[in-house]
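The values are calculated or read from the model by the stated rules, or taken from the named source; none is laboratory data. Keep in mind the model is a prediction, meaning the values are calculated, not measured. With ideal geometry, Cβ positions are generated from the backbone for all residues, glycine too; neighbour counts draw on all protein chains shown.
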């Protein structure tokens with residue numbers, strides 16, 4: 001095959017060993033019109049990474065970077081299970097979450113003030129079903145950026161690891177993922193970690209720290225390979241202009257705020273936010289008067305950005321110089337906590353969790369298992385979610401006028417983090433056969449709403465009577481780096497998040513961590529600093545959990561009167577047909593006559609739901625009669641269905657007959673069976689035995 005593409009460019013690749021398999025990066029085979037494109041192959045997974053950059057900067061006050069991950073059903077040899085839509089459309093929640101996973105370690109690596117519009121897309125063209133493709137998609141995105149000539153301070157690589165039988169491993173098979181007590185994604189650059197995402201089954205902080213160190217070393221070959229490819233391609237650096245604050249403007253703003261910040265603003269956030277707003281208005285009014293209204297109108301945004309920068313510098317200065325936070329708290333101090341449960345009368349469970357100015361209301365809805373969400377994605381076949389957490393945060397929660405719309409990437413990500421935090425402690429569906437929908441309505445935002453969503457969700461689940469294995473709390477940790485010295489902050493608020501270098505969210509029980517999410521604004525951190533943040537987060541989580549348990553110490557023992565009652569019965573899967581009937585006639589009749597809702601799983605688990613317990617009992621008895629298995633020693637009331645010279649056949653259960661030998665009809669000698677029995681007669685018989693061919697022996701005289 002030719003190594004020259006139709007445009008006369010050489011097609012070439014670089015390869016390295018990556019966790020036991022070849023990782024190949026190939027250029028110039030496809031994507032001729034892109035700024036840069038790379039085909040990444042690992043096993044049977046092939047991902048196309050493309051990067052496009054606009055030719056001129058946009059007039060915006062932010063960096064217009066979009067990073068997307070595209071699932072292609074054909075990659076897995078699938079056609080979408082949707083009955084009406086077969087082509088790919090709106091990305092699934094899973095695709096959105098992976099897109100965020102790729103975005104988070106890449107975005108901080110562009111210089112401040114870069115305004116060219118950049119679009120990065122990772123498209124999965126072929127899917128190896130033995131491992132998840134997200135880390136390969138991240139490498140594809142980073143490699144494309146490395147070849148695009150932009151001021152990207154990469155490369156970035158990521159890896160998803162688990163722990164099976166106490167050993168860390170990357171690229172786990174579906175079976176290994178099921179057995180693993182840890183699902184951890186770590187991404188970063190050559191010098192340090194920049195992003196962490198994890199779900200865990202109550203894993204200790206020390207194990208998480210060890211996993212971070214293991215993953216950091218494991219992704220290094222992918223970093224080196226991208227550098228090798230970039231050196232070989234030698235991309236031409238694109239011209240660009242950074243839109244940076246005017247140094248003279250910043251100096252004048254710093255002089256104006258001198259003496260007005262610091263201790264004067266170190267107040268509880270409700271008061272501080274009002275003081276900052278008043279100070280900002282006064283600042284703009286004075287600048288407009290000095291420069292003239294018309295001239296200042298054109299420069300308003302630059303001055304406003306400089307004012308915000310001065311606020312951020314003041315926040316850092318207070319923490320580094322005095323170990324005092326913007327609201328006067330100590331570095332490890334938690335904001336004031338308040339919680340309530342059972343606040344909504346008709347819902348199945350509800351709570352409000354308040355921490356400072358951050359407030360989350362959570363509502364729980366219980367339903368039969370048939371209400372579980374079917375998952376139709378490139379990776380999943382016939383999957384379903386019986387626990388769903390949805391997160392909403394409209395504009396009023398941050399004091400803004402904002403158009404109402406569907407959930408964005410942030411809302412989906414926050415909801416998923418809170419869902420992941422509670423999933424390890426939920427009861428098995430066999431023990432609690434309900435579909436559970438948890439909805440967090442954020443009422444006020446001032447930092448760490450995803451952790452408030454976690455805490456309020458836990459309280460609402462307990463209020464609903466869901467028998468959690470253990471309660472879960474969550475905390476957001478922050479970081480300020482002063483040279484090499486870290487200042488770790490517990491329970492960060494907005495001002496510290498905006499001015500800080502790290503946002504580190506940790507959830508867990510008293511026993512260990514259940515979920516983890518970390519994003520860095522600095523270019524990578526060593527594991528030891530992350531270890532310190534993990535250790536301090538445990539203390540903060542325990543403090544918050546203690547408060548939660550003072551509000552509600554354990555799950556309620558009874559469900560809400562408005563929640564459906566559900567009973568379960570396990571039957572032989574071979575008997576499912578007897579319950580359904582021909583064309584569904586039997587199950588339809590049971591439903592119509594009892595008013596109960598009946599759901600049947602392939603493994604023979606049947607759940608019967610109704611608000612009226614009498615309806616449930618009637619349906620359960622009906623199902624038991626249809627599916628009961630014969631038991632030796634049990635007495636049955638049966639119908640004589642046929643008479644032979646040697647005995648009679650009696651129907652004891654639906655579809656199940658046994659034989660009463662003539663010698664078992666009476667203690668006395670019987671000459672003819674018809675002397676004792678007639679067809680259609682109802683008699684009592686005892687099951688005395690079942691032979692190796694499944695034939696039933698019955699007795700009348702033993703009753």
Flagged in region 320-330 as under 33 Å from the mean Cα position of the chain (by Cα) and surrounded by 16 or more Cβ atoms within 10 Å (Cβ to Cβ), in numbering order, are 325, 326, 327, 329
So, in region 528-555, how many residues would count as being in contact with a helix residue (DSSP H, G or I) (Cβ under 9 Å, 6 or more places away or on another chain) and free of Cβ contacts under 8 Å to residues at least 24 places away in the same chain? 2
Can you tell me which residue within region 224-251, out of those that are part of a helix (DSSP H, G or I), over 40 Å from the mean Cα position of the chain (by Cα) and in contact (Cβ under 8 Å) with a residue 12 or more places away in the chain, is surrounded by the fewest Cβ atoms within 10 Å (Cβ to Cβ)? 249
Unique residue being at pLDDT 90 or above and within 24 Å of residue 377 (Cβ to Cβ) when the list is 72, 86: 72
Six or more apart or on different chains, Cβ atoms under 8 Å: show the pairs whose first residue is in region 1-20 and free of Cβ contacts under 8 Å to residues at least 12 places away in the same chain and whose second is in a strand (DSSP E or B). 3/10; 3/12; 4/10
Selection status of residue 617, in a helix (DSSP H, G or I) and surrounded by fewer than 18 Cβ atoms within 10 Å (Cβ to Cβ): yes
Of the residues in region 465-497, those that are surrounded by fewer than 22 Cβ atoms within 10 Å (Cβ to Cβ) and either assigned to a loop (DSSP other than H, G, I, E, B) or not assigned by TED's automatic domain parsing to the domain that holds residue 449 (or both) number 8
State which residue is farthest from residue 63 (Cα to Cα) when the search covers only region 154-172 and only residues that are part of a loop (DSSP other than H, G, I, E, B) and modelled with pLDDT under 95. 165
What are the residues in region 366-387 that are assigned to a strand (DSSP E or B) and either in the same structural domain as residue 69 (by TED's automatic domain parsing) or buried (at least 18 other Cβ atoms within 10 Å of the Cβ) (or both), if any? 366, 367, 387
